[in-house]
């Protein structure tokens, strides 16, 4: 009996499905596939809630232990980890109701919103680095923006993961500055065409080919972004005097208007009396 | 430095500067000392009240509004006071006083350590 391509495809899909017998989860649908495994939506029958289930080969099971150590609002919480009846490793985590960062840009969000997402990512990275954990594969596809504005950094990679070329630092040795490079690439990716040159300069500095020319760590990059948002000068961007004046004027716009109004009133009163 | 101190300092400073500009009105040059003292005190009172308000309410718009109103009110009180020449300079005192009050109101909102604030839009 010959089987049609459609049937063969279906059989392959079925064989690939995780065997959740012995767990409290019921499979719902496949959400996505990555290099390390497949993510499914599932139903937690004990707690009566939807969860995300990542299923992977046992050799990558360290990812779950990695993430479980990290407790931060920007890092998706792990509920459970274990081994399935079919021998594959799995971990259950929060199912994020949102959109990936690369798709989030389709809505053309304003610069402030893009920077807000970026800062949440940076804070999660800074926290992870403080716990001795690197991401190693930061990219827009590994960032979720939730429906209520929450931001999660996903798919933390373990040793041996090479990362994605466009976001991967050129050096072979991986440390915090590799994540800084990827963060700079993420910033460059999130910036609109009309982004201010200071922000582009921050991204460029974070993406310097030489690690020692980048920011030393995530806190330094975040401070630069914060300084930009506060209307202050940033280390990465060398302003000319006119740009400095414009930035000062923008930062103190209300005060300058009030002082201008005072000067104009005094001027008019003086000339009204003289005339 | 708390917001009341910010108000007192900037109120005094801006009040003194505002009073000093009376020198450009030759008719009142003989009263410069009293004008500057009065203007400084006026500025300090506006600054004190604006600073107190800023400790309660965190709103630049309302800070400016209150400062303007206080500046205008106290400037009116000063302008209405009996003068040696019998002349009153309502416009020359109230208009700048209004703007100086607005500036002091703004500065007390922006600067100084806040107290327990009630946030407004």
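The values are calculated or read from the model by the stated rules, or taken from the named source; none is laboratory data. Note that the structure is predicted; figures quoted are calculated from it, not measured. A quick note on method: Cβ atoms are made from the backbone with ideal geometry, for glycine too, and the neighbour counts reach across all protein chains shown.
Among the residues of the range A:81-93, which ones are touching a residue at least 24 places away in the same chain (Cβ under 8 Å) and buried (at least 16 other Cβ atoms within 10 Å of the Cβ)?
Answer for the range A:81-93, where residues must be touching a residue at least 24 places away in the same chain (Cβ under 8 Å) and buried (at least 16 other Cβ atoms within 10 Å of the Cβ): A:84, A:88, A:89, A:90, A:91, A:92, A:93.
Across the range A:139-159, what is the number of residues that are outside any loop (DSSP other than H, G, I, E, B) and surrounded by fewer than 18 Cβ atoms within 10 Å (Cβ to Cβ)?
The qualifying residues number 2.
Inside the range B:89-113, can you point out the residues that are within 14 Å of chain A (Cβ to nearest Cβ) and part of a loop (DSSP other than H, G, I, E, B)?
B:89, B:111
Only residues that are outside any loop (DSSP other than H, G, I, E, B), in contact (Cβ under 8 Å) with a residue 24 or more places away in the chain and farther than 28 Å from residue A:119 by Cα: list them for the range A:57-79, please.
Start the filter on the range A:57-79 by keeping residues that are outside any loop (DSSP other than H, G, I, E, B), which leaves A:58-60, A:62-68, A:75, A:78-79.
Narrowing further to those that are in contact (Cβ under 8 Å) with a residue 24 or more places away in the chain: A:58, A:60, A:62-64, A:66-67, A:75, A:79.
A:58, A:60, listed by residue number.
Say whether the condition of being within 20 Å of residue A:219 (Cα to Cα) and either outside any loop (DSSP other than H, G, I, E, B) or modelled with pLDDT under 95 (or both) is met by at least one residue in the range A:85-100.
No: the range A:85-100 contains no residue that is within 20 Å of residue A:219 (Cα to Cα) and either outside any loop (DSSP other than H, G, I, E, B) or modelled with pLDDT under 95 (or both).
Does any residue of the range B:33-43 turn out to be within 21 Å of residue B:111 (Cα to Cα) and within 14 Å of another protein chain (Cβ to nearest Cβ)?
The answer is yes; a qualifying residue exists.
Name the single residue that is nearest to the other protein chains (Cβ to nearest Cβ) among those in the range B:8-17 being within 9 Å of the chain's Cα centre (by Cα) and closer than 15 Å to residue B:74 by Cα.
Among residues in the range B:8-17 that are within 9 Å of the chain's Cα centre (by Cα) and closer than 15 Å to residue B:74 by Cα, the one nearest to the other protein chains (Cβ to nearest Cβ) is B:14.
Determine which member of the set A:256, A:268 is surrounded by fewer than 16 Cβ atoms within 10 Å (Cβ to Cβ), touching a helix residue (DSSP H, G or I) at 6+ places or on another chain (Cβ under 7 Å) and within 14 Å of chain B (Cβ to nearest Cβ). Write out each step before concluding.
On the way: A:268 fails: touching a helix residue (DSSP H, G or I) at 6+ places or on another chain (Cβ under 7 Å).
After ruling out the rest, the residue left standing is A:256.
Sort through B:77, B:102 and tell me the only one that's out of contact with any strand residue (DSSP E or B) (no Cβ under 6 Å at 6 or more places or on another chain), farther than 21 Å from residue A:263 by Cβ and at pLDDT 90 or above.
One residue alone meets the criteria, B:77.
Can you tell me which residues in the range B:23-57 are surrounded by 21 or more Cβ atoms within 10 Å (Cβ to Cβ) and either touching a residue at least 60 places away in the same chain (Cβ under 8 Å) or not in a helix (DSSP H, G or I) (or both)?
Those that are surrounded by 21 or more Cβ atoms within 10 Å (Cβ to Cβ) and either touching a residue at least 60 places away in the same chain (Cβ under 8 Å) or not in a helix (DSSP H, G or I) (or both): B:43, B:47, B:51, B:54.
If a residue must be more than 16 Å from residue A:174 (Cα to Cα) and buried (at least 20 other Cβ atoms within 10 Å of the Cβ), how many such residues does the range A:121-138 contain?
Adding up the residues that qualify gives 3.
Only one residue in A:261, A:233 is under 20 Å from residue B:110 (Cβ atoms), in the same structural domain as residue A:185 (by TED's automatic domain parsing) and more than 21 Å from the chain's Cα centre (by Cα), so which one is that?
None of the other options fit; the residue is A:233.
Would you point out which residue out of A:27, A:20, A:11, A:105 is touching a residue at least 12 places away in the same chain (Cβ under 8 Å) and in a helix (DSSP H, G or I)?
Working: A:27 fails: in a helix (DSSP H, G or I); A:20 fails: in a helix (DSSP H, G or I); A:11 fails: touching a residue at least 12 places away in the same chain (Cβ under 8 Å).
Answer to the selection: A:105.
Name every residue in the range B:58-87 that is within 14 Å of chain A (Cβ to nearest Cβ) and surrounded by fewer than 16 Cβ atoms within 10 Å (Cβ to Cβ), in order of residue number.
Residues satisfying the conditions are B:60, B:61, B:65, B:87.
Could you please let me know if residue A:227 is away from chain B (no Cβ under 14 Å) and under 29 Å from the mean Cα position of the chain (by Cα)?
yes
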